[in-house]
Structure formats: C-alpha cells, structure tokens
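All remarks here apply to the structure that follows.
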Amino acid sequence: MTPQDGNSGESGKNGKATYFDGYADRRRAVELVFGPALEIVEDGDLLAAWPYAEVRRLPPPGGMMRLKALGAPKGARVEVDDAWTRAEIQRHCPLLAGEREAPNLEGRKRLAYGAAAAALFGAFLWGGVPRMAGIIAPVIPVEWEKKLGEATDEEVRKTLSGKSCAAPRGAEALAKVSKRLQDASHLRLPATIETIESKTPNAFALPGGKVYLLSGLLDKARSQDEVIGVLAHELGHLEHRDHMRRIIAAGGTALLVSLVFGDVSGGAAMIVVGNSLLNAAHSRENEAEADAFAARTLEQIGRPAKPLGELLVRITNEDGGSDTLAILHDHPLSEARLAKLAAEDKGMLAPALLTDAEWKALKAICD
Ligand SMILES: [Zn+2]
C-alpha cells in the first residue's frame with residue numbers, strides 16, 4: 001500500500017524521523033505523514049500507521065524525542081530530532097506523556113474510539129469502501145479488533161461446524177509450535193491456534209488473534225515444516241491486520257455503523273463478515289507480505305521457508321477447481337510464491353521443532 005497522495009494532513013507538510021520496526025536492527029529514514037493516524041512512510045511505502053491516541057513518549061536519551069505506540073510490535077520506535085516535526089507530534093497525539101498502561105481506561109478508550117471513528121468517517125467520505133479498508137485497518141483500536149474477533153468467531157464456527165480437536169499429545173505439540181513461532185515473531189497480540197476437523201486443506205486467521213488450522217491441511221502435509229510454514233504465514237496476516245481490511249471491505253457501511261456505535265455483534269453485518277472471512281481473498285500484496293513475514297519468522301527459528309511454497313503448489317494442483325481456500329487465495333500465484341519462498345529460504349539451521357513422535361501426534365490431533 002502506498003500513502004495517499006495530497007491528502008496528508010491539513011498543512012500538507014510531512015515530518016522527518018528515524019524508524020525502527022522492532023524486527024530488524026536497522027535505522028530507517030522515514031517521513032511522518034499526519035493523516036487519519038500517524039503514518040510512517042519510507043520512499044513512498046507505508047510502513048506503519050499509529051493511532052494518535054496510542055502514541056507514547058519514551059524516556060529520552062539526550063534531547064531526542066522517542067516514541068512508541070501501544071499496539072505496535074515490541075521494540076518499534078520513532079525518533080524525532082526536527083523541531084517542526086516534534087511540534088506537530090505534540091499537537092496530534094493527545095496522550096503523548098500519558099500513563100504507561102492507562103489507569104483511566106475508559107477515558108483512553110473514548111479518545112481512541114473517537115479518533116478511530118473520525119478516521120473511519122473521513123476516509124469513507126474521501127475514498128469509498130475498498131480504498132477506505134486499507135487506510136482504516138491499521139488505525140482500528142486493539143479493543144475493537146478483539147471484540148470483532150469474538151463476534152466473527154461465532155459466525156465462523158457455525159459455518160465450519162466440525163469439532164474442535166484437542167487430543168492431548170497433539171495439542172501439546174501444537175502448543176509447542178505456537179509458542180516457538182510467537183516467540184520468534186514478536187506479535188502485537190498473542191495468537192491462539194485451534195484445530196477444527198474438516199476435509200478442506202486450509203488455515204486462516206481472525207481478528208483479535210485467532211488462527212484456525214483445518215485437519216485437512218494436516219492430512220495433506222508431508223512434513224511438519226509445511227504446517228509450521230502455513231501457521232507462520234497466518235500469523236503474518238494477523239500481524240498485518242489483513243483480515244480487518246477484508247472485513248471492512250466486505251461489511252461496508254453497515255459494519256462501519258455497527259463499529260462506530262459499538263454494536264459489532266449485530267445482525268446482518270456479521271453474516272457478511274463471516275462469509276467474507278471464509279471466502280474472500282486477500283490482495284496479492286497482502287499475500288506476499290504474509291509470505292515474507294513467514295520467511296523471516298522461519299529464519300528466526302532456523303527452519304526452511306520453501307516447504308510452505310511446496311505445500312501451496314501441491315494443494316493447487318490437486319485441488320484445481322476450488323477457489324475458497326484461504327491459504328491459496330490466488331491460484332496462478334502459487335508457483336511464483338514458491339519461487340519467492342525458495343529464494344528467501346535460509347535452510348535448516350536448527351533441528352526440527354517437533355520430534356517424530358510429536359509430529360505424528362499433531363497429525364492425529366483429531367483422532
Ligand atoms: Zn494468506
């Protein structure tokens with residue numbers, strides 16, 4: 001996604017800063033765009049958007065202004081030296097010097113909701129729903145995301161209808177994989193991975209941190225690295241809030257109204273949302289980003305990225321006709337995704353995550 005030309009704050013001027021994304025130990029010279037949220041932009045690419053009400057000032061080394069955001073990855077920060085930029089930040093961020101974890105939660109929430117509602121409305125007036133989805137998703141407060149996640153979870157469960165699988169040794173193996181992946185990827189929100197019995201080889205993520213792994217995927221997988229790769233990919237969608245984009249794009253104004261008035265579990269909007277999560281596709285860019293996230297995470301744990309691509313290609317070839325598989329999304333791209341993942345593959349630098357016995361137990365989690 002690229003930042004929105006000519007619509008960057010009232011003054012039209014952007015700030016200057018240094019950004020650390022919390023993953024790589026790399027300084028990035030960025031522009032700060034004062035849009036619906038504090039947008040962090042590098043060479044025209046939007047790297048992150050921080051809701052103003054979530055921006056906090058960190059203790060300064062010397063006279064520099066250092067910032068973090070409550071919902072951002074651990075270690076992500078912005079450093080500002082320039083006086084104009086500092087003044088703009090002071091002006092836009094109401095809780096800059098705010099409490100660390102917000103004792104006055106209600107007040108903070110109201111402010112965050114107010115800011116998000118204003119952003120929703122502004123972006124809607126300006127760009128219509130599809131364009132809006134990309135702008136809005138990053139600025140939705142975490143509380144909304146969780147609430148939306150609980151509501152969508154109900155819809156998705158009704159649609160899936162299979163039992164939740166938790167054979168003890170399989171569940172233990174899955175918990176081990178989940179912990180290793182999350183430790184390596186520093187997610188904004190903790191994720192929960194649940195296996196559901198289904199013949200469909202699929203996996204997908206919901207807002208608020210839920211990942212579903214369908215047992216059909218375990219059946220199709222030839223190695224644990226294939227399954228681990230898929231889960232790492234889904235964590236990438238969670239981290240990038242891609243499901244929020246889809247929900248907003250699919251739910252449109254009905255969902256927006258529900259969101260703004262705090263009734264996210266209400267009626268028709270949720271049915272649209274449930275369908276969109278199960279059937280609609282992420283954009284190519286979002287897929288590529290989730291694959292890149294998976295490759296980085298797998299590198300951290302010393303495991304290969306290529307098996308994820310191999311599984312995608314195999315399911316595409318076997319499954320041909322179906323276009324409802326969330327992990328595939330866009331079939332012709334599977335070969336290209338495999339090539340990219342193979343190129344990013346750093347090899348097997350560490351032993352397999354699971355022992356053979358644990359991998360067998362995971363495969364049999366529904367038995
Ligand atoms: Zn995906």
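Throughout, read-outs are computed from the coordinates displayed, never taken from laboratory work. Please read all numbers here as calculations on a predicted model, not as lab measurements. Glycine gets a Cβ as well: all are built from the backbone with ideal geometry, and neighbour counts include every protein chain shown.
Could you sort 75-82, 164-171 so that the peptide with the highest average Cβ count within 10 Å comes first and the rest follow in order?
Working: 75-82: 17.5, 164-171: 15.6.
So the peptides 75-82, 164-171, ranked by packing, come out 75-82, 164-171.
Within a straight-line Cα-Cα reach of under 20 Å, Lys16 can be paired with the following lysines, leaving aside sequence neighbours fewer than 8 residues apart in one chain: Lys68.
Take the Cα of Ala350, step 7 Å toward its Cβ, do the same at Ala336, and the gap between the two points is 3.2 nm.
Amide H contacts under 5 Å for Ile196: Cys165, Leu213, Leu214, Ser215, restricted to partners 5 or more places along the chain or on a different chain, H placed in the peptide plane at 1.01 Å from N.
Length available on full extension from Gln90 to Ser223: 0.36 nm per residue minus the Cα-Cα distance, which gives 42.7 nm.
Which distance in nm do the two modelled labels at Thr159 and Arg284 give, with both placed 7 Å along the Cα-to-Cβ direction? With each label placed 7 Å out from Cα toward Cβ, I get 2.5 nm.
Please tell me which of these pairs span more than 19 angstrom C-alpha to C-alpha: Lys163/Lys306; Lys146/Lys176; Lys163/Lys210; Lys176/Lys363; Lys199/Lys306; Lys147/Lys199? Intermediate results must be reported in sequence, preceding the final value.
Values: Lys163/Lys306 31 Å; Lys146/Lys176 24 Å; Lys163/Lys210 16 Å; Lys176/Lys363 14 Å; Lys199/Lys306 24 Å; Lys147/Lys199 29 Å.
Over 19 Å Cα-Cα: Lys163/Lys306; Lys146/Lys176; Lys199/Lys306; Lys147/Lys199.
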